[in-house]
1. For E22, E292, which order do you get if you count the other beta carbons within 10 Å of each Cβ and list the fewest first?
2. Who wins for biggest fluctuation among G123, G136, G111 in a Gaussian network model of the chain, springs between alpha carbons below 10 Å?
3. Roughly how large, in nm² to one decimal, is the mean projection of the convex hull of the alpha-carbon atoms in the range 208-297?
4. State the dimensionless ratio Rg/Rh of the chain (Rg: radius of gyration of Cα atoms; Rh: Kirkwood radius).
5. Counting only helical runs of four or more DSSP H residues, what would the 222 nm mean residue ellipticity of the chain come to if each run contributes -39,500 (n - 2.57) and the total is spread over all its residues?
6. Summing +1 for each Lys or Arg and -1 for each Asp or Glu, what net charge is found among the other residues whose Cβ lies under 12 Å from the Cβ of R24?
7. Of all DSSP beta bridges in the range 5-311, what percent run antiparallel (nearest 5)?
8. Tell me, what is the percent relative contact order of the chain, built from C-alpha pairs under 8 Å that lie six or more residues apart?
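Here, each number is a calculation from the coordinates, and none is a lab measurement. Model, not experiment: these values are computed from the prediction. Every residue, glycine among them, receives a Cβ derived from its backbone with ideal geometry; neighbour counts consider all protein chains shown.
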Amino acid sequence: MEYSKEFLEQLLRKMLLIRQSETRIAQLVTDKKIATPCHLYVGQEAVAVGACAALTDEDYVFSTHRSHGHFLAKGGEVKRLFAEIFCRKDGCSGGRGGSMHLCAPQKGLLGSSSIVAGCLGIGLGPAMKRKIMGEGGVSVIFHGDCVPEEGIWHESLNFAAVNKLPVIYICENNLYAASLPLAERRVSDNIPEVAAAHGLRSEVVFGNDVLKVYEAVKAAVERAKNGEGPQFIECRTYRWLGHVGPKDDIDVGLRNQAELDEWKEKCPIKAFSNKLISEGVINQNEYEEMKESVGSVVEAAEVFGYTSQRPDPSTLMKHVYSEVEK
Ligand SMILES: Cc1ncc(C[n+]2csc(CCOP(=O)(O)OP(=O)(O)O)c2C)c(N)n1
Ligand SMILES: [Mg+2]
């Protein structure tokens, strides 16, 4: 394979870190140890990991309500994710944000939003600033397949195209928005075509193939940096769990078991680990060790999270208004 063993192992390890963190968080929600609503990312790991592997800390990322995977893939610390979900002061947002408001500014993750399409406008600001100041770096805006139904999606794409901004939109099309499948929300499954109509270079990749996502995003980054304007990538994927929380939504009649089973067969981690093992990049033992070592990291992160202090009530008004020096 044309990539180094270290790089390929990093991709696998990151996907495992997301999977194992999410699996643990799902259990903590079931056990009522976590109160913040958690939209879990299990099944979609290859999108965040493949995309963020093509970025540097100088590149910005904006995320959604389903943000844990983006946070970890962009280099956010897993212990600060757990602390945030436990609403503790050592959380990445000081325990004020919870699951849907994560950030890791030093790594380029400038924010995530619980509002559907919340980052579609916000993500343009830093891109515009960089363009005006002649600075490098791209902005990646992750969004779900429901977002093109919001007006600001069209405004954002149009504005970025007219101004040739270095923005990459990554649409994680997991076929559902809360309780509605795509077919009940759009006349056709044509999000990339609509993006192209706004003047963006637009493509579709299989979002469960981490290397395909990486290659598509890397090429998009190059084009955006070369002044070719915004890029659009639709990643076809599937979330294994329900819209929010640890259940799969099959019990409430939203999805069917056959569809879920079919997508579980296309598990991004299984596919990639099988590939690395069959091509001799790693062996089964190394894979087992990797899973174990990621498990220990997640365990330690959970302990860090729940043993961290709650924010001091005297700091309640901090960060609410900007502090202007007089
Ligand atoms: C403006 C707005 N409308 C509705 C909601 C409620 N809501 C939260 S997530 C969601 C569906 C999002 O679907 P999609 O963009 O496909 O992302 P996914 O959940 O599938 O990852 C909705 C309707 C919201 N948070 N904000
Ligand atoms: Mg969706």
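1. So the residues, fewest neighbours to most, are E292, E22.
2. For the chain, modelled as a Gaussian network with Cα springs under 10 Å, the answer is G136.
3. With the hull built on Cα positions only, its mean projection is 8.9 nm².
4. So for the chain, dividing Rg by the Kirkwood Rh gives 0.96.
5. The helix-only estimate for the chain comes to -13500 deg cm²/dmol at 222 nm.
6. Here the count lands on -2.
7. Bridges in the range 5-311 that DSSP calls antiparallel: roughly 10 percent.
8. Value for the chain: 24 percent.
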